[in-house]
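Asker: Handing you a structure now.
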Amino acid sequence: MPSLLFCGPKLAACGIVLSIWGVIMLSMLGIFFSAKSAVLIEDVPFTEEDIRDDKNPPGNIYGLYNQVGINCFIAAAIYVGVGAVSLCQVRLNKRQEYMVT
């Protein structure tokens, strides 16, 4: 039977820690981008044409804020997946400790 174990216990624990940090950080960034925080304006990808050619000037910028917020939430979901894989690896490593070869 093939084993699904592909990383050791330390790497799996590191993956869990990094994924917890990534989920917290990216979720908070997604919330702040969705709330259109003025502090994060430097991280919104807009050009001068977005401001100049818009009939409702904050409309395009608010749309870009929302898009970046959605991207942060998607990245947080990917980190949840990485954390789940790391948790499975920790459990497989624990099970392998008790197996006699």
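The values are calculated or read from the model by the stated rules, or taken from the named source; none is laboratory data. It should be emphasised that the depicted structure is a prediction, and the values quoted were computed from it without experimental measurement. So basically every Cβ, Gly included, is an ideal-geometry build from the backbone, and we count neighbours across all protein chains shown. Protein only, heavy atoms only, side chains kept; ligands, DNA and RNA dropped before computing areas. Shrake-Rupley method; radii C 1.70, N 1.55, O 1.52, S 1.80 Å.
Asker: Would you mention how many residues in the range 1-24 are within 14 Å of the chain's Cα centre (by Cα) and in contact (Cβ under 8 Å) with a residue 24 or more places away in the chain?
Answerer: Number of matching residues: 7.
Asker: Can residue 81 be described as farther than 30 Å from residue 7 by Cα and either assigned to a helix (DSSP H, G or I) or open to solvent by 50 Å² or more (accessible area, probe 1.4 Å) (or both)?
Answerer: Values: farther than 30 Å from residue 7 by Cα: no; either assigned to a helix (DSSP H, G or I) or open to solvent by 50 Å² or more (accessible area, probe 1.4 Å) (or both): yes.
So residue 81 fails the test.
Asker: Separate question: All but one of (1) open to solvent by less than 40 Å² (accessible area, probe 1.4 Å); (2) at pLDDT 90 or above hold for residue 17; state the number of the condition that does not hold.
Answerer: The single condition residue 17 does not satisfy is (1).
Asker: Moving on. Across the range 21-77, which residue is most open to solvent (accessible area, probe 1.4 Å) among those that are among the β-branched types (Val, Ile, Thr) and not in a helix (DSSP H, G or I)? First the steps, then the outcome.
Answerer: Of the range 21-77, the ones among the β-branched types (Val, Ile, Thr) are 23-24, 31, 39, 41, 44, 47, 51, 61, 68, 70, 74.
From what is left, the residues that are not in a helix (DSSP H, G or I) are 44, 47.
Working: 44: 8, 47: 71 Å².
It comes out as 47.
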